[in-house]
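Written below as structure tokens is the structure these notes are about.
Laboratory data are not the source of any read-out in this text; all were calculated from the coordinates shown. All values reported here derive from a predicted model rather than from experimental measurement. Glycine also receives a Cβ, built like all others from the backbone with ideal geometry; neighbour counts cover every protein chain displayed.
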Amino acid sequence: MIVLDTCALLWLEAEGDHLSENAKAAITQSGGKRYVSAASAFEMALKHAAGKLELPLAPDACYRRLLELHAVRELPITGEIASLAGTLPLIHRDPCDRFIIATALEHKMSIVTADRIMPRYQGVNVIW
């Protein structure tokens with residue numbers, strides 16, 4: 001089971017051109033057990049609104065399309081995940097990434113990400 005960070009989810013649309021070979025292999029071999037934190041929907045909408053992310057559709061429609069097209073399931077931000085994200089060491093200051101890290105820890109999943117800060121967290125397994 002793997003959780004994709006927001007960039008990995010978006011890069012699936014580009015036919016994986018930006019994904020590493022390890023990331024592609026993990027996604028292919030996940031056996032349909034691909035997940036994404038609901039925080040990715042927020043991050044996409046926020047970046048789109050700030051003009052930092054071009055999308056072919058409205059953010060919500062694009063997010064839903066990516067999930068459906070690539071057989072990715074969404075994991076909600078539960079109270080446990082929100083609390084864990086808030087108590088993580090302040091190694092990573094991006095709240096969206098903190099939610100993704102907490103989601104991975106809570107569900108005992110590896111994170112597919114190019115982020116170089118996430119591996120600094122104890123117990124986080126990053127695939128890239």
Cα centroid of segment 1-20 to Cα centroid of segment 27-106, whole Å
12
Under a Cβ-only charge scheme (Lys and Arg +1, Asp and Glu -1), can you give me the dipole magnitude of the chain about the Cα centre, in debye to the nearest 20?
240
Please tell me the relative contact order of the chain in percent, rounded to the nearest whole number, where contacts are Cα pairs under 8 Å and at least six residues apart.
33
Normalised by the empirical 2.2 N^0.38 Å for globular proteins, what value does the Cα Rg of the chain take?
0.98
Reachable lysines, given that their alpha-carbon falls under 17 Å from the alpha-carbon of residue 33 and they are not under 8 places away in the same chain
24, 108
Neighbour counts of other C-beta atoms within 10 Å: give me 60, 115, 5 arranged from fewest to most.
60, 115, 5
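At a Förster radius of 35 Å, what calculated FRET efficiency corresponds to the Cβ-Cβ distance of residue 87 and residue 1, to the nearest 0.05?
E between residue 87 and residue 1, to the nearest 0.05, is 0.90.
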Please give the charge dipole size of segment 22-94, origin at the Cα centre, charges +1 on K and R Cβ atoms and -1 on D and E Cβ atoms. Round to the nearest 20 debye.
220
Amide H neighbours of residue 110 under 5 Å, at least 5 residues apart or on other chains, H built in the peptide plane: list them.
3
